[in-house]
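Trainee: Pasting a structure below so you can have a look.
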């Protein structure tokens, strides 16, 4: 009979996440993962089969964490679509700590690192980012239907634009841009999409 797992899978995945997030996929050695996850080699391979499978599961848990902490509270639960998108960017970039901002988004990092060398894993990260892009699209469609966006604007293009801006903001964080500079970028972008009277007065 296979041995029963004697560890909290979610907790172990979080430990692995810290390694992958800090070092990248390729530079994260099995020996370092074993040390940080506090597992022996046999337990790791029994539970996750290999490094690639482990990383895919880490990506999934990371995305679910993003959904719970940021995507759903802003892009789903805020009724006003213009405010929802502004809050998504404000909370994502103006409320994060320096270390997290510098490490960037694991999904973007993965696409950037592995798109040429490991397209399978990069594709999984890309799929998660496209789910986020679809969330942008739904709120933009709502906003356009409510008269918050010029009817001549192509909403698919605007959703792509926001995903690109998200990547650019992540890079600005790594470059050390402060919150004021990040907020200016966010406001310029969103003010170019929405009529200005829809701008949040909260910040």
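The values are calculated or read from the model by the stated rules, or taken from the named source; none is laboratory data. Predicted model, so just to flag it, every value in this text is computed and none were measured. With ideal geometry, Cβ positions are generated from the backbone for all residues, glycine too; neighbour counts draw on all protein chains shown.
Trainee: Any idea which of 87, 124 is touching a helix residue (DSSP H, G or I) at 6+ places or on another chain (Cβ under 7 Å), buried (at least 16 other Cβ atoms within 10 Å of the Cβ) and within 30 Å of residue 31 (Cα to Cα)?
Mentor: 124
Trainee: Among the listed residues 70, 59, which satisfies the condition of being more than 21 Å from residue 161 (Cα to Cα) and surrounded by 15 or more Cβ atoms within 10 Å (Cβ to Cβ)?
Mentor: Among 70, 59, only 59 is more than 21 Å from residue 161 (Cα to Cα) and surrounded by 15 or more Cβ atoms within 10 Å (Cβ to Cβ).
Trainee: Continuing with this model, one more query. So, in the stretch 37-56, exactly how many residues are surrounded by fewer than 20 Cβ atoms within 10 Å (Cβ to Cβ) and touching a helix residue (DSSP H, G or I) at 6+ places or on another chain (Cβ under 8 Å)?
Mentor: Residues that pass the stated criteria total 8.
Trainee: Condition (residue is farther than 29 Å from residue 14 by Cα and either at pLDDT 95 or above or in contact with a strand residue (DSSP E or B) (Cβ under 7 Å, 6 or more places away or on another chain) (or both)) applied to the stretch 122-133: is it met by at least one residue?
Mentor: no
Trainee: Given the criterion modelled with pLDDT under 95, under 20 Å from residue 182 (Cβ atoms) and assigned to a helix (DSSP H, G or I), identify the matching residue among 101, 112.
Mentor: 101
Trainee: Specify which of the listed residues (119, 81) is out of contact with any strand residue (DSSP E or B) (no Cβ under 6 Å at 6 or more places or on another chain) and crowded, with 18+ Cβ neighbours inside 10 Å.
Mentor: Only one candidate qualifies: 81.
Trainee: Is it true that some residue in the stretch 141-159 is closer than 17 Å to residue 59 by Cβ, modelled with pLDDT of 95 or more and under 16 Å from the mean Cα position of the chain (by Cα)?
Mentor: No: zero hits.
Trainee: Just checking, does the stretch 26-41 include any residue being modelled with pLDDT under 95, farther than 30 Å from residue 93 by Cα and either part of a helix (DSSP H, G or I) or touching a strand residue (DSSP E or B) at 6+ places or on another chain (Cβ under 9 Å) (or both)?
Mentor: Scanning the stretch 26-41, I find at least one residue that is modelled with pLDDT under 95, farther than 30 Å from residue 93 by Cα and either part of a helix (DSSP H, G or I) or touching a strand residue (DSSP E or B) at 6+ places or on another chain (Cβ under 9 Å) (or both), so the answer is yes.
Trainee: Sticking with this one: Would you mind stating whether residue 63 is closer than 30 Å to residue 143 by Cα, in contact (Cβ under 8 Å) with a residue 12 or more places away in the chain and part of a helix (DSSP H, G or I)?
Mentor: yes
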